[in-house]
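Written out below as structure tokens is the structure these notes cover.
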Amino acid sequence: MDVPYDLSPVSLAGFACMLRDLPDAAEYEFHFGGERWFPPFSMLLLSALLRQFRGNRPEARRRARDHENHSYAAHFGFFRSFGLQHGNAPGEAPGSSTYVPISELDVAEIRQEAFDSFQEVGDVIEGKAAELAGLLTRHQQGELQDTLTYSIREIMRNVVEHSGSEKIYICAQYWPQRHEVEVGIVDDGIGIHRALTGNPAFDGLTEPEALQMALMPGISGNPHAGRGNDQWNNSGYGLYMTSRICRNGGSFLLCSGGTGIELSHEGKHTFGSDFRGTAIRLVIDTANLSALRERLQQFAAQGRVAAAQIAGANVNVASTASQMLTRDFRQE
């Protein structure tokens, strides 16, 4: 079977459906074709689809052809991330001021680190998000660092709190001359629909409706979202706030189950797929960055008004963490 030459998310979503519909066989052969560029998010999504395929047909043999043509993807850890013994392992490449190679974060280790260091899980996630943003930008402060840290943190929190996934996969690249950053975050968990319909308020949602709803403010699979005084208390604003940031000249893509949605300043595009976990792509226009703290407060206020119109949404304010930056956590 040929891996698509077009590695755009929509093309890979179609490839996911093709994998699902393949007839049963004792052996499958995947052809990776000629040399071309593998975007960060596309590497993560394609790798996750191949892992899912392996899990769905564990008795079948799998072979690869033409993978030697792709030194860039091999350097990033793409092939080993789905089990093919070629190139670097995830996290093995050191990264640079323009990219973070495919990296695996273990959710159990994050929880254990929080326990061992007398911290909340959110604090550990915050530190890892800041570390990844710093590796990508080689800066410890500034609007880009703040925006990346916040966005990565909010998506990672969703994985840990809702997905049931054992690992978080992340990959990113920064193009200063293009004023663009792309961050991909993928998990192999239960998916948006199952996570959200765990809340009785959203019990009857279809998969497409669940994805649409997950991007609205105050929407969480936790029926107790927004209650209590814990700064890390889930309030259902993470995806909403992050997507608003990305749409300022960039884009936000969410794919889970049988549906994918891409939001940009040009509007919304919905497409079909077949992916059991959740895959998110953040594209940030670095030329349009402005004071993030003020934007977050504005988005939260607008979100609270919108949430009041949605049955089952959390109408309390977004959690403290959803409105805070890295430096806010470091203040005494």
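The values are calculated or read from the model by the stated rules, or taken from the named source; none is laboratory data. What you are looking at is a predicted structure, and each value in this text was computed from that prediction instead of being measured. Here the Cβ is made from the backbone with ideal geometry for all residues, glycine too, and neighbour counts use every protein chain on show. We work out accessible area using only protein heavy atoms, side chains counted, and drop any ligands, DNA or RNA first. Shrake-Rupley method; radii C 1.70, N 1.55, O 1.52, S 1.80 Å.
Out of the residues in the range 239-293 that are in a strand (DSSP E or B) and over 29 Å from Thr197 (Cα atoms), state the one that is most open to solvent (accessible area, probe 1.4 Å). Among those residues, the one meeting the criterion is Asp285.
Residues that are open to solvent by 60 Å² or more (accessible area, probe 1.4 Å) and within 17 Å of Leu239 (Cα to Cα) within the range 194-210 comprise Arg194, Glu207, Pro208, Glu209, listed in sequence order.
Annotation: Thr149 fulfils all but one of (1) open to solvent by 10 Å² or more (accessible area, probe 1.4 Å); (2) polar (S, T, N, Q); (3) assigned to a helix (DSSP H, G or I); the unmet one is (1). Inspect all residues belonging to the range 135-142 and state whether any of them is modelled with pLDDT of 90 or more, open to solvent by less than 80 Å² (accessible area, probe 1.4 Å) and touching a strand residue (DSSP E or B) at 6+ places or on another chain (Cβ under 7 Å). Looking for residues that are modelled with pLDDT of 90 or more, open to solvent by less than 80 Å² (accessible area, probe 1.4 Å) and touching a strand residue (DSSP E or B) at 6+ places or on another chain (Cβ under 7 Å), one finds none in the range 135-142, hence no. Of all the residues in the range 48-65, those that are farther than 13 Å from Val3 by Cβ and part of a helix (DSSP H, G or I) number 6. Regarding Gly164, is this residue touching a strand residue (DSSP E or B) at 6+ places or on another chain (Cβ under 6 Å) and open to solvent by 10 Å² or more (accessible area, probe 1.4 Å)? No. Restricted to the range 20-49, and to residues there that are of a type in the set (A, V, I, L, M) and open to solvent by less than 10 Å² (accessible area, probe 1.4 Å), the residue that is nearest to Phe82 (Cα to Cα) is Ala48.
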